[in-house]
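Visitor: Mind looking over this structure? Questions follow.
The values are calculated or read from the model by the stated rules, or taken from the named source; none is laboratory data. Predicted model only: the values in this text are computed from it and were never measured. Counting neighbours? That spans all protein chains shown, and the Cβs are built from the backbone with ideal geometry, glycine included. When the accessible area is computed, the model is the full protein with side chains, heavy atoms only, and any ligands, DNA or RNA have been set aside. Shrake-Rupley method; radii C 1.70, N 1.55, O 1.52, S 1.80 Å.
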Amino acid sequence: MSDEIKFGTDGWRGIIGDNYTFKNLKILSQAVADYLGSGKKVAIGYDTRFMSDIFAGISASVLRNNGIEVLLSDRAIPTPTLSYAVKLRKLDLGIMITASHNPAEYNGFKIKIPTGGAAGSDLTEKIEGLLGKNPVAEAEETSASRAKITKADLIKDYISFIRSYIDLKKIKDKKFKVLVDAMHGSGNSFIAQILKGTKIRLEFMRHSVNPSFGGGRPEPIEDNLKELKARVKKEKFDLGIALDGDADRIAVVAPGGVFVHPQKILGLLALHLNQGRHWTGGIVKTICGSTMIDNIAKFLDVKLYETPVGFKYISSLMETEDIVAGGEEAGGMGVKGYIPERDGTVAGLLLLEMMVYRNKNILKILNETEKQFGKYYYLRQDLHLKHRVEPAKEGLPNELLGRKVTQIKDFDGIKLICEDQSWLMFRGSGTEPIMRVYVEARSLSQAKKLLEYGGNLITKYVL
């Protein structure tokens with residue numbers, strides 16, 4: 001049974017009714033309880049997925065039955081809300097019932113450590129090692145000091161903090177027009193509560209609860225944001241923001257319906273925090289991060305860190321190093337002075353703050369940034385496989401489309417870097433049978449050719 005529970009890049013995820021069952025959830029919750037021991041305190045949150053509230057309650061009961069005090073969210077919340085509650089209340093652990101951006105048939109189980117950051121593989125491996133070691137505690141303790149499950153409002157403190165973190169004094173009288181696409185996730189309309197009292201003209205779409213996510217998946221990638229792009233263009237919004245299913249990731253659409261890749265969002269955040277707020281600190285990107293980030297770090301004269309894919313690696317660095325901003329290509333952004341974790345809402349509000357500081361919409365800021373640091377075209381293709389595989393390193397070419405490969409990185413997937421800074425990378429998903437192909441080049445035509453070439457490489461060398 002334990003082989004059905006395996007933590008990936010960001011928690012355990014499974015298909016509801018297949019391997020994500022009440023039985024497996026109880027086994028995992030018991031393993032967490034065995035890891036913690038009685039007398040500890042844990043917060044549990046959940047998103048808007050099918051039965052997430054029920055799954056959260058089941059996990060809470062198992063922990064309570066093991067003598068662990070549980071704060072159970074009284075409503076669906078963003079994952080960063082749970083992370084912030086763990087840090088603020090000095091709890092021993094946090095559990096979030098969510099499958100993030102996965103399709104509706106999935107649910108999941110994320111673990112947050114006392115700092116609010118993501119659990120690293122050292123912790124999750126210990127919990128995996130405890131799976132099935134002890135029977136699930138199905139009944140409450142009979143001692144006088146019986147642990148309790150307490151329903152708690154975790155949103156109030158979260159909103160209060162963000163209102164103090166964002167420069168509302170400067171934002172207050174600005175009239176930028178902003179459209180937020182919640183993608184039917186737990187991000188809901190909390191941004192409205194944060195911006196209450198300002199003159200920002202805020203509108204929402206897909207902010208109702210819909211466990212099927214409208215037939216799509218709550219992943220803020222360009223293919224899933226056609227309506228957001230159309231509305232931003234037609235209704236002349238200054239900024240469009242999309243949040244994923246548990247609101248810890250962001251996508252941005254600029255005036256004219258222009259999709260802003262998350263790699264560029266990280267660059268904008270780093271520039272704003274350094275130049276606007278005058279904060280110090282390095283920048284963290286993942287192995288599939290844009291070369292633009294390298295150029296920005298060099299210009300700002302700050303250290304650039306590069307990690308494997310998965311925000312838990314960025315989170316770990318944010319706990320030990322002076323980091324001003326860290327981000328991944330999937331849209332997870334973390335910033336200084338908060339929790340060492342990603343938050344789509346905070347990232348979006350900081351971009352709005354940047355617009356206010358510079359008195360320009362996000363497209364004008366982006367154009368100026370690309371003029372200074374180079375315009376790169378970043379593309380990704382997901383190849384759906386019958387089963388999970390790892391890319392093969394043997395037999396790789398020494399040039400790509402006539403350009404010499406000068407460097408190969410293989411600490412997470414395989415990345416081939418050419419002499420002209422163009423590159424190709426492939427990496428298997430940590431949660432699904434998908435091979436991701438990433439490319440970047442200085443022209444769109446070259447990027448498209450690299451993507452096609454990369455797909456052929458995967459077919460030849462991997463499948």
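Visitor: Can you tell me how much longer the chain between Asn210 and Thr320 gets when fully stretched, taken as 0.36 nm per residue apart minus their C-alpha distance, in nm with one decimal?
Guide: Going from the current span to full extension adds 35.7 nm.
Visitor: Just for the chain, what percent of DSSP beta bridges are antiparallel, to the closest 5?
Guide: Counting only bridges with both partners in the chain, antiparallel ones make up about 60 percent.
Visitor: When each pair of different Cα atoms in the chain is counted once in the 1/r mean, what is the Kirkwood radius in angstroms, to one decimal?
Guide: Across the chain, the inverse of the average 1/r is 22.7 Å.
Visitor: Under a cut-off of 20 Å between alpha-carbon atoms, report the lysines in cross-link reach of Lys199, not counting same-chain residues fewer than 8 places apart.
Guide: Lys169, Lys170, Lys172, Lys174, Lys175, Lys177, Lys236, Lys360
Visitor: Straight-line reach only, C-alpha to C-alpha below 16 angstrom: list the lysines that Lys156 could link to, leaving out same-chain residues fewer than 8 apart.
Guide: Counting by Cα, and skipping residues close in sequence, Lys156 has these lysines nearby: Lys87, Lys196.
Visitor: Contact order normalised by length for the chain, with contacts defined as Cα pairs under 8 Å and 6 or more residues apart; what percent is it?
Guide: Rounded, it is 13 percent for the chain.
Visitor: Further, regarding this structure: At 0.36 nm per residue, and after removing the present C-alpha to C-alpha distance, how many nm does the segment from Glu370 to Glu125 gain when stretched out fully?
Guide: Extending this stretch completely gives an extra 84.0 nm.
Visitor: Another question, then. Calculate I(q)/I(0) for region 189-280 by the Debye formula, one identical point scatterer on each C-alpha and no solvent, and give its log10 at q = 0.10, 0.12, 0.25 Å⁻¹ to two decimals.
Guide: -0.30, -0.44, -1.39
Visitor: If you average 1/r over every pair of different alpha-carbon atoms in region 75-132 and take one over that average, what Kirkwood value in Å do you get?
Guide: 12.2 Å is the Kirkwood radius here.
Visitor: Just from its helices, what would the mean residue ellipticity at 222 nm be for the chain, if runs of 4 or more DSSP H residues each count -39500 (n - 2.57) and the sum is divided by every residue, rounded to the nearest 500 deg cm²/dmol?
Guide: The helix-only estimate for the chain comes to -10000 deg cm²/dmol at 222 nm.
Visitor: Round to a whole angstrom and tell me the spacing of the C-alpha centers of region 156-178 and region 444-458.
Guide: 42 Å
Visitor: Related question: Find the centroid of the Cα atoms in region 218-232 and in region 320-337, then give the distance between the two in whole Å.
Guide: Value for the Cα centre distance between the two parts: 24 Å.
Visitor: How many angstrom lie between the C-alpha centres of region 244-259 and region 1-37?
Guide: 31 Å
Visitor: About the Cα centre of the chain, what is the dipole size in debye to 20, counting +1 per Lys and Arg Cβ and -1 per Asp and Glu Cβ, all else neutral?
Guide: So the magnitude is around 1580 debye.
Visitor: Given 10 Å bins starting at zero, what is the percent of C-alpha pairs of region 223-269 in each, up to the one with the largest pair distance?
Guide: That works out to 28, 55, 17, in percent per bin.
Visitor: List residues of region 246-290, by number, whose backbone nitrogen lies under 19 Å from a label position 7 Å along Cα→C-beta of Phe411.
Guide: 282-290
Visitor: Which length gain, in nm to one decimal place, applies between Glu105 and Asp301 when the Cα-Cα distance is subtracted from 0.36 nm times their residue separation?
Guide: Taking 0.36 nm per residue and subtracting the Cα distance, the gain is 66.0 nm.
Visitor: Can you compute the modelled spin-label distance between Thr115 and Asn359, with each label point 7 Å from Cα toward Cβ, in nm?
Guide: Label at Thr115, label at Asn359, 4.0 nm between them.
Visitor: What distance in nm separates the two pseudo spin-label positions at Glu138 and Ser443, each 7 Å out from Cα along the beta-carbon direction?
Guide: In this crude label model, Glu138 to Ser443 measures out at 6.8 nm.
Visitor: Restricting to lysines 8 or more places apart or on different chains, can you count the pairs in region 4-68 with Cα atoms under 21 Å from each other?
Guide: 4
Visitor: Please go through region 103-163 and write out the GluC sites (Glu not before Pro) that DSSP classes as loop and that have at most 10 other C-beta atoms within 10 Å.
Guide: Glu138
Visitor: Here's a follow-up. Given the peptides 228-238, 15-25, 339-349, arrange them by the average over their residues of other C-beta atoms within 10 Å, most packed first.
Guide: Packing proxy ranking, top to bottom: 339-349, 228-238, 15-25.
Visitor: Residues of region 28-57 with amide nitrogen under 20 Å from the 7 Å Cα-to-Cβ point of Arg89?
Guide: Taking a point 7 Å out along Cα→Cβ of Arg89, the residues of region 28-57 whose backbone N falls under 20 Å are 29-30, 32-48, 52-57.
Visitor: Give me the accessible area of Val309, 1.4 Å probe, in Å² rounded to the nearest 10.
Guide: About 20 Å², rounded to the nearest 10.
Visitor: Based on the Cβ-Cβ distance of Tyr453 and Lys386, what FRET efficiency does E = 1/(1 + (r/R0)^6) give at R0 = 25 Å, to the nearest 0.05?
Guide: The calculated FRET efficiency here is 0.65.
Visitor: Report, to two decimal places, the Cα Rg of region 228-331 normalised by 2.2 N^0.38 Å (N = number of residues).
Guide: 1.12
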